[in-house]
Amino acid sequence: MNLKQLPAACTAQLRIDTPLGAMLLARTDQGLAGAWFIGQKDYPIQIAAPVAPNDPLLRKAASELAEYFAGRRKTFDVPLDLYGTPFQRSVWQALLAIACGQTSSYGAVARTIGKSSAVRAVGAAVGSNPVAVIVPCHRVMGSDGSLTGYAGGLPRKIALLEIEGIAPLQPSLQGVAAAPRPLATTRFAAIAQA
């Protein structure tokens with residue numbers, strides 16, 4: 001069950017609109033296996049599964065995402081089928097334990113899975129998460145609380161954290177400690193059009 005096998009394993013797909021841009025949802029027989037912002041890093045080239053606007057599992061995922069973006073949902077109940085190496089799946093399971101409104105660091109995630117020296121490998125696994133938002137890789141920050149990369153782009157990461165009431169820290173500048181970023185509620189339209 002590695003990520004390269006995911007497009008062939010999908011049985012249905014659905015494109016949805018969100019305040020942060022369109023997303024592609026994809027499922028297997030077992031559960032939701034993909035949720036990508038259109039055009040993000042590691043976006044699948046092609047999924048041969050049929051578009052299924054009435055698929056119950058994809059509709060459930062779309063509904064839960066809409067509730068999340070509206071600020072009415074903090075956890076997701078849609079069944080998942082995560083494709084990746086055993087190490088990647090262990091990282092993604094650890095991400096699922098980071099509560100809405102909380103953040104963690106790559107080092108903390110590495111310690112959680114019992115691989116404290118594998119911080120870079122954890123970072124790579126976080127970056128290749130195939131189920132954006134629902135598997136909350138956006139909640140992982142640098143060890144100093146600063147923003148780090150996000151496959152959907154840093155503006156989306158900031159917006160997701162703001163939805164959860166977190167004012168992310170700016171990266172440190174010339175040795176000055178990172179400062180809280182003010183919440184910006186009007187950026188969603190600009191992000192969705194990017």
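Scan region 69-79 and tell me whether some residue there is more than 14 Å from the chain's Cα centre (by Cα), touching a residue at least 12 places away in the same chain (Cβ under 8 Å), part of a loop (DSSP other than H, G, I, E, B) and under 20 Å from Ala125 (Cα atoms).
No, because not a single residue in region 69-79 is more than 14 Å from the chain's Cα centre (by Cα), touching a residue at least 12 places away in the same chain (Cβ under 8 Å), part of a loop (DSSP other than H, G, I, E, B) and under 20 Å from Ala125 (Cα atoms).
Any idea which of Val122, Val109 is under 29 Å from Arg72 (Cβ atoms), among the β-branched types (Val, Ile, Thr) and crowded, with 22+ Cβ neighbours inside 10 Å? Let's see the steps before the verdict.
On the way: Val122 fails: under 29 Å from Arg72 (Cβ atoms).
Criteria check complete, one pass: Val109.
For the subset of region 119-157 comprising residues that are in a helix (DSSP H, G or I), aliphatic (A, V, I, L, M) and within 18 Å of Gly39 (Cα to Cα), which member is modelled with the lowest pLDDT?
Kept after step one, since they are in a helix (DSSP H, G or I), are these residues of region 119-157: 119-127, 137-139, 154-157.
Pick out the ones that are also aliphatic (A, V, I, L, M) and you get 119, 121-122, 124-126, 154.
Restricting the remaining residues to those that are within 18 Å of Gly39 (Cα to Cα) gives 126, 154.
Working: Val126: 95, Leu154: 90.
Looking at residues that are in a helix (DSSP H, G or I), aliphatic (A, V, I, L, M) and within 18 Å of Gly39 (Cα to Cα), I get Leu154.
Ser116 passes all but one of (1) of a type in the set (Ser, Thr, Tyr); (2) open to solvent by 70 Å² or more (accessible area, probe 1.4 Å); (3) modelled with pLDDT of 95 or more; (4) more than 15 Å from the chain's Cα centre (by Cα); which number fails?
Among (1) of a type in the set (Ser, Thr, Tyr); (2) open to solvent by 70 Å² or more (accessible area, probe 1.4 Å); (3) modelled with pLDDT of 95 or more; (4) more than 15 Å from the chain's Cα centre (by Cα), the lone unmet condition for Ser116 is (3).
Six or more apart or on different chains, Cβ under 8 Å: which pairs go from a residue in region 98-123 that's within 15 Å of Met141 (Cβ to Cβ) and free of Cβ contacts under 8 Å to residues at least 40 places away in the same chain to one that's acidic (Asp, Glu) and open to solvent by 40 Å² or more (accessible area, probe 1.4 Å)? Could you list them?
none
For region 102-116, state whether one or more residues are out of contact with any strand residue (DSSP E or B) (no Cβ under 7 Å at 6 or more places or on another chain) and within 18 Å of Ala26 (Cα to Cα).
Within region 102-116 (the criterion being out of contact with any strand residue (DSSP E or B) (no Cβ under 7 Å at 6 or more places or on another chain) and within 18 Å of Ala26 (Cα to Cα)), the answer is no, since none of the residues qualifies.
Quick one: which residue in Ala26, Ala33, Ala48, Ala62 is within 16 Å of Thr11 (Cα to Cα), aliphatic (A, V, I, L, M), more than 13 Å from the chain's Cα centre (by Cα) and buried (at least 19 other Cβ atoms within 10 Å of the Cβ)?
Ala26
The values are calculated or read from the model by the stated rules, or taken from the named source; none is laboratory data. From a predicted model like this one, the values you see are computed outputs, not experimental measurements. Heads up, the Cβs are rebuilt from the backbone with ideal geometry, glycines too, and the neighbour counts pull from every protein chain shown. Please note that ligands, DNA and RNA were not included when accessible areas were found on the heavy atoms of the full protein model with its side chains. Shrake-Rupley method; radii C 1.70, N 1.55, O 1.52, S 1.80 Å.
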